[in-house]
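The values are calculated or read from the model by the stated rules, or taken from the named source; none is laboratory data. Treat the numbers as computed from the prediction; the structure is a model and nothing was measured. Cβ placement follows ideal geometry from the backbone for every residue including glycine, while neighbour counts extend to all protein chains displayed.
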Amino acid sequence: MGSVLPSNIPQFDPSKKPPPKERAPIGGIVVTVILALALVAIIAVAVTRLTSGGFSRPVASSAPTAVGVGSSGSASNAATPAPAGTPADPATQQAIQNVIQQVNDAQVQAIEKGDPSVMQATATQQFYQEQVSNNRDLTDNGVTDIKLVNIEWGPVSVDGNTATATDYETWSTTFDDGTTEQSRDRNVYTLVKDNGTWKVQQDDHPDQPAMGTQQTSSPGAP
């Protein structure tokens, strides 16, 4: 009796070899490794810069402001340059502030009474003439009354027989039509010592409003 082979014998045919397995391309692996190394290098550089302060945050700046504390107080403004000379001692500072107060009070009286002579005592002859001219301009433009509402004192310095004082003056001006306007202005006074007495020689207004604004300049403006 002859042998019978299994029906699936062709599957065990030794002449037939299984197909080779596919291999991943070498080039793709190399590119992947390179990209991974590059990413690691970038992360390392970023961490190094952060820890060494390479990145900084902007710092907000603050603007200086002036603070008014009434006629007996003082005003400060970081934008105002310090006057020449040395800071006045308390007694000298008080004397200079008194003279400036008297100059302003005298101008108010001169407008009210129509008598400019009351302004002579605390002003040099040159400044007195400027004040007379200024008062004439005010009345010619319909001003009937002026009033010093407030003074905010700034720095006072002395250089020999010359002194410089800064203040912020608020004035109220009344016109012949009944209207009233108010303005606040920085004044830089120059004073000289005359026979032991301080007198105002000059009054500058470096921050006067531009033409066309609602406010008027302080009555003391030349």
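Among the residues that make up the range 116-127, is at least one of them free of Cβ contacts under 8 Å to residues at least 40 places away in the same chain, in contact with a helix residue (DSSP H, G or I) (Cβ under 9 Å, 6 or more places away or on another chain) and among the aromatic types (Phe, Trp, Tyr)?
First pass over the range 116-127, keeping only residues free of Cβ contacts under 8 Å to residues at least 40 places away in the same chain: 116-121, 125.
With the extra rule that they be in contact with a helix residue (DSSP H, G or I) (Cβ under 9 Å, 6 or more places away or on another chain), the set shrinks to 116-121.
Next, from what is left, pick out any that are among the aromatic types (Phe, Trp, Tyr): none.
No; the residues of the range 116-127 include none that is free of Cβ contacts under 8 Å to residues at least 40 places away in the same chain, in contact with a helix residue (DSSP H, G or I) (Cβ under 9 Å, 6 or more places away or on another chain) and among the aromatic types (Phe, Trp, Tyr).
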Legend entry - Single residue of Gly142, Gly154 found to be more than 35 Å from the chain's Cα centre (by Cα), of a type in the set (Gly, Ala, Ser) and either at pLDDT 95 or above or surrounded by fewer than 13 Cβ atoms within 10 Å (Cβ to Cβ) (or both): Gly142
Legend entry - In the range 80-129, residue nearest to Glu152 (Cα to Cα) [restricted to those that are in a loop (DSSP other than H, G, I, E, B) and more than 33 Å from the chain's Cα centre (by Cα)]: Thr122
Inset, instruction - Specify the residue that is farthest from Ala110 (Cα to Cα); the eligible residues are those in the range 130-157 that are free of Cβ contacts under 8 Å to residues at least 40 places away in the same chain and of a type in the set (A, V, I, L, M, F, W, C). - result: Val149
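Of the residues that make up the range 183-206, is at least one more than 21 Å from Ala123 (Cα to Cα) and either of a type in the set (Gly, Ala, Ser) or touching a Cys at 6+ places or on another chain (Cβ under 9 Å) (or both)?
There is at least one residue in the range 183-206 that is more than 21 Å from Ala123 (Cα to Cα) and either of a type in the set (Gly, Ala, Ser) or touching a Cys at 6+ places or on another chain (Cβ under 9 Å) (or both).
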Legend entry - Considering residues of the range 157-187 that are hydrophobic (A, V, I, L, M, F, W, C) and more than 15 Å from Val200 (Cβ to Cβ) only, the residue surrounded by the fewest Cβ atoms within 10 Å (Cβ to Cβ): Phe175
